[in-house]
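Note sheet for the following structure.
The values are calculated or read from the model by the stated rules, or taken from the named source; none is laboratory data. For clarity, every value in this text was computed on a predicted model and none was experimentally measured. Neighbour counts are summed over all protein chains in view; Cβ atoms, including those assigned to glycine, are modelled from backbone coordinates with ideal geometry.
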Amino acid sequence: MYKPLLIVPLAGLALLGAKDAPRQGLVETSIRERVRQYELAYNAGDADAVAAIYAVDGTHTYALGFTHRGRGEIATGLKELFAGAFKGTRIAITPLQIRTLSPDVALEEASFSLTGLRDPSGADLPAVMGLCQAVYQRQGDQWFAAAVQCFVPPPAPGPR
């Protein structure tokens, strides 16, 4: 007798999950497009276009350990990097997982590969591989990076 009472709430939960699936897909598509825009702008050396992907008060903590706070500081910092040590570098970003935390907030986990770095003598350095975690915030119909933190994992320990 109690089984029909259990089936109705479970069916309701299934419908709620199905309703959220299209929204999750739309969020993922939108954030993947932002990542693509970031790659294109970065690889073109366009600091202003990269910074436009961030919220006005967004932050980016780089794998090197420093943080740019605010869209203006992100643009200025990237212009300095692109004129110096990061001139001619290229980035490839692979989103690994995107989760919707609320209708206006999403979390992206991604891997990245940065190539084109050179040592002081001009010799090529190996690619830098790392991970990033980004919080995106929807403002109107667009998603902006509110906080991005990147790191380069330490090498795996060798055999004993």
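The table below gives the values:
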item: Positions within region 103-124 being outside any strand (DSSP E or B), of a type in the set (A, V, I, L, M) and under 12 Å from G88 (Cα atoms), in sequence order; result: L117
item: Test: residue in region 33-42 that is within 19 Å of L131 (Cβ to Cβ) and either at pLDDT below 95 or touching a helix residue (DSSP H, G or I) at 6+ places or on another chain (Cβ under 8 Å) (or both); result: yes
item: Within region 25-55, tally of residues that are without any contact (Cβ under 8 Å) to a residue 24 or more places away in the chain, assigned to a helix (DSSP H, G or I) and more than 16 Å from W143 (Cα to Cα); result: 2
item: Extreme residue, surrounded by the most Cβ atoms within 10 Å (Cβ to Cβ), among residues of region 134-152 that are within 15 Å of T100 (Cβ to Cβ) and not aromatic (F, W, Y); result: A134
item: Set G58, G72: member being assigned to a helix (DSSP H, G or I), modelled with pLDDT of 95 or more and of a type in the set (G, A, S); result: G72
item: Among the residues listed as P154, P95, P103, the single one being modelled with pLDDT under 95 and under 20 Å from the mean Cα position of the chain (by Cα); result: P103
item: Residue tally, condition under 26 Å from L107 (Cα atoms) and without any contact (Cβ under 8 Å) to a residue 40 or more places away in the chain, over region 117-133; result: 5
item: Flag for G58 being within 18 Å of Q142 (Cα to Cα), of a type outside the set (A, V, I, L, M) and either within 14 Å of the chain's Cα centre (by Cα) or surrounded by fewer than 17 Cβ atoms within 10 Å (Cβ to Cβ) (or both); result: yes
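Table: residues versus (1) over 30 Å from L26 (Cβ atoms); (2) touching a Phe, Trp or Tyr at 6+ places or on another chain (Cβ under 9 Å).
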position: E109; (1), (2): no, no
position: T115; (1), (2): yes, no
position: P120; (1), (2): yes, no
position: V135; (1), (2): no, no
position: C150; (1), (2): no, yes
position: G158; (1), (2): yes, no
